[in-house]
Amino acid sequence: MKKHALLIMLGMLAVLLFLGDAAGFYRLGFVQYGDAQLYDYRLRLSLPNKGDDRIVILDIDEKSLKQEGRWPWGRDKMARLVDSLFDRYGVAAVGFDVVFAEPDNSSGLSVLQALGEKQFRDVEQFHSVLKQIQPALQYDALFAEKLKGRKVVLGYYFSNSESGLTTSKSGALPAPVFPADIFRGRAVGLATWDGYGANLQALQSSAASAGHFNPLVDFDGVVRRIPMLVEHDGQIYESLSLAVVRSVMDMPRLVPGFAGEQRQGYGGLEWLTVESVQGGLTIPVDAEVSALIPYSGKRNTFTYISATDVLHGKIEQAALQNKIVLVGTSAPGLMDMRSTPVGEVYPGVEVHANMISGILNQDIKQHPPYMLGANVVLMLLIGISLSVLLPLLSPIRGMLLSLIFLSGDIALNLALWNYADLAMPMAGGILIILSLFALNMSFGYFVESRAKRQITGLFGQYVPGELVDEMAKRPESVSMEGDSREMTILFSDVRSFTTISEGLDPKELSQLMNEFLTPLSRVIYKQRGTIDKYMGDCIMAFWGAPLPDPDHAHHAVLAGMEMQRALNELQPQFKAKGWPEIHIGVGVNTGRVSVGNMGSEVRVAYTVMGDAVNLASRLEGITKEYGVLMLVGETTKQATPQIVYREVDMVRVKGKEQPVAIFDPHGLVGEVDKQKLDEIKLFHQALRTYRKQDWDKADLELLSLQNMSPDCKLYRVYAERVTYYRNNPPGEDWDGAFTFKTK
């Protein structure tokens with residue numbers, strides 16, 4: 001129980017560790033990394049691998065740079081490009097994933113104006129011609145003019161200054177999408193930026209709208225989200241993808257969606273709605289008002305058209321008509337490549353194409369702020385359940401339970417992903433399950449290993465290995481403290497050991513004893529017995545401790561019979577070495593005894609004590625009196641109905657007044673031949689006649705038995721007793737018992 005309490009406590013500490021990460025109190029790098037990888041894996045598994053026919057990427061690629069010159073191109077060329085897109089191809093809208101931050105002086109107008117002021121100040125014709133061509137050479141104004149009245153969305157970027165450096169601000173920002181105080185009083189975690197790089201004022205004023213193209217780069221450098229709204233100087237601005245969608249829809253109103261009232265640390269902002277007469281579009285956002293990018297596939301999933309081909313009219317009208325066109329670059333030298341879940345080198349313009357497609361298709365995965373609380377609750381339920389249940393289960397059942405929880409957690413997560421478009425964090429729950437399983441298995445391994453070492457140290461020399469393994473698995477069932485229980489005790493002793501030892505030198509005697517005791521000890525181990533001690537030529541063993549054994553009597557009797565067979569197999573080997581034959585007597589008795597550590601401060605041993613032990617020893621001692629190999633007590637006989645017994649006598653052993661019946665076993669029921677069974681039956685009849693003091697009839701029955709087995713000492717013993725009692729009748733109050741005066 002203490003082990004379980006400790007394991008539960010350790011498990012809950014592990015759960016709290018992961019819950020702190022899930023709740024946002026701190027970040028565990030490996031959990032963060034695991035969540036990112038599992039998100040990417042789910043995303044790749046569910047990729048549709050097809051682009052959106054409504055969106056085309058106008059690519060400033062290497063082909064365009066080779067034909068049109070290095071970037072940036074002149075604004076006159078950009079003006080022609082916009083004209084071509086709207087007038088020739090009839091596109092729905094154009095979004096620029098580039099910034100026009102610097103004035104374009106490539107026309108040479110400034111040089112001509114300088115000449116007019118210096119060298120040609122008085123040349124009227126020069127000034128007249130300059131005035132006529134000046135509009136055509138004002139490229140920025142020309143480009144701005146082409147933007148007017150058209151659904152053109154310019155792009156710009158926000159930045160944060162490095163520590164100690166001045167914030168950079170250039171160009172003109174568009175009008176904020178929301179007033180500064182719209183989220184006042186709500187804990188809305190908008191991304192905040194200090195600086196920006198925007199377009200020229202003239203261009204911004206002429207364009208329909210503008211949006212930032214900053215993605216959110218996660219800790220591992222991968223782009224998975226785009227902030228739909230960001231904050232700068234208290235004003236709120238929209239992303240390029242959102243601005244393009246609104247432009248296509250004729251700039252409808254953007255409405256924040258609040259799921260509930262403001263609570264501590266939770267602003268309730270869970271979506272943005274682009275309103276329209278058709279019902280509007282909903283964009284799910286997370287705690288940072290960013291949306292997960294619904295990648296459609298790997299790079300080039302969307303249609304790419306080279307910008308130079310549009311400039312020169314080499315593209316069919318159908319390829320661009322009514323399309324949303326994003327102008328960006330895939331040329332490596334222009335440094336607009338991103339690391340994404342679907343590719344390490346991925347054009348930034350295609351990131352925005354995916355987001356626009358997701359908004360229009362309404363298939364953006366949701367990770368609302370309340371997901372944090374849902375994840376914490378789920379992890380808590382998993383953690384508490386496994387922390388409490390795993391310590392109570394075996395390793396196999398613990399593994400099955402962990403697999404069930406793991407499968408259930410993954411299945412729930414995938415169901416939310418596929419059917420509810422919810423991106424719930426996954427790593428925390430999986431790591432809790434794996435950690436608790438590993439904790440319980442490793443704890444069990446080390447504790448059981450330690451317990452096994454302790455138990456092996458205590459019982460390894462006396463208990464078979466399989467029992468040591470069982471005790472190690474259930475160390476709580478093993479106690480060294482004194483206990484009273486019913487057990488079976490066995491004693492074996494070598495007949496005429498003094499004579500044998502006198503005929504051998506010490507070295508031979510030691511070798512003989514080793515070769516004699518080893519196979520007999522193996523028999524005891526085989527039958528799950530515990531060797532108490534070796535006493536010279538004697539073995540004392542018991543069954544029923546340290547582990548309970550409901551069949552202790554059966555195992556002990558089988559061990560006694562097998563010991564006799566093992567000894568018979570040794571005789572040829574002993575004879576070949578010139579050693580004498582060895583015979584043993586075995587006594588077995590069952591009864592309630594005291595078992596545990598017993599001894600003194602000097603020496604302690606795990607042993608058994610009690611009347612049942614003494615009787616087992618006495619039974620072994622009197623086997624030679626009857627010429628039998630083994631004797632068992634009446635309690636043992638009653639506990640082993642599977643064994644065929646011959647009742648030998650009713651005796652009073654030294655130290656006991658009450659007579660006890662004693663028996664010798666002959667084998668398992670069904671394995672003893674009919675002739676032996678008939679002989680046993682006849683002896684039992686003679687024994688009844690003997691106890692009735694019918695000496696003549698008993699003498700005749702014993703004579704028949706002696707004719708059947710001339711070498712059986714038991715029949716001679718009873719024949720001698722009949723002769724004695726015929727001359728010395730025991731009296732009418734005789735109980736049939738024989739009293740032994742010696743041990």
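Here, each number is a calculation from the coordinates, and none is a lab measurement. Keep in mind it's a predicted model, so treat the numbers as computed, not measured. All Cβ positions, even for glycine, are placed from backbone atoms using ideal geometry, and neighbour counts span all protein chains on display.
Secondary-structure-derived ellipticity at 222 nm for the chain, considering helices only, amounts to -14500 deg cm²/dmol, per-run term -39500 (n - 2.57) for DSSP H runs with n ≥ 4. Think of the chain as having a plus end and a minus end, set by charges on the Cβ of Lys, Arg, Asp and Glu; of 439, 313, 103, 439 sits farthest toward the positive end of this dipole. Only Cα pairs under 8 Å and 6+ residues apart enter the sum, and on that basis the relative contact order of the range 673-743 stands at 27 percent.
The structure-derived value of mean projected area of the Cα convex hull in nm² appears in the list [x] 58.6; [y] 42.6; [z] 46.7 under the label [x]. Spin-label pair residue 339-residue 321: with each label point 7 Å from Cα along the Cα-Cβ axis, the two points sit 4.4 nm from one another. Farthest towards the positive end of the charge dipole of the chain, among the residues 712, 552, 348, is the Cα of 712, using unit charges on the Cβ of Lys, Arg, Asp and Glu. Legend: distances between Cα atoms for 656/676; 637/681; 533/575; 624/676; pairs beyond 25 Å are 656/676; 533/575. In the chain, the sites counted are chymotrypsin sites (Phe, Trp or Tyr not before Pro) in DSSP loop states with at most 11 other Cβ atoms within 10 Å, and the longest stretch holding none of them, exclusive of the sites, is 220-733.
Here is the list for the range 656-705: trypsin sites (Lys or Arg not before Pro) lying in DSSP coil, each with at most 14 other C-beta atoms within 10 angstrom of its C-beta, are 692. Annotation for the range 266-344: trypsin sites (Lys or Arg not before Pro) lying in DSSP loop with at most 15 further Cβ atoms inside 10 Å of their Cβ are 298, 314. I'd like the distance separating the alpha-carbon centroids of the range 267-291 and the range 540-569, in whole Å. Using only Cα atoms, the two centres lie 80 Å from each other. Alpha carbon centre of the range 604-624 versus the range 656-719: separation in Å? First find each Cα centre; the distance between them is then 26 Å. Spatial offset of the range 149-206 relative to the range 1-73 amounts to 27 Å, using the alpha carbon center of each. Scanning the chain for GluC sites (Glu not before Pro) that sit in a DSSP loop and have at most 15 other Cβ atoms within 10 Å, the longest stretch containing none of them is 317-480.
DSSP bridge analysis restricted to the chain gives an antiparallel fraction near 70%, rounded to the nearest 5. With respect to the chain, whose longest principal axis is taken over its alpha-carbon atoms, helix 552-576 is tilted by about 70°.
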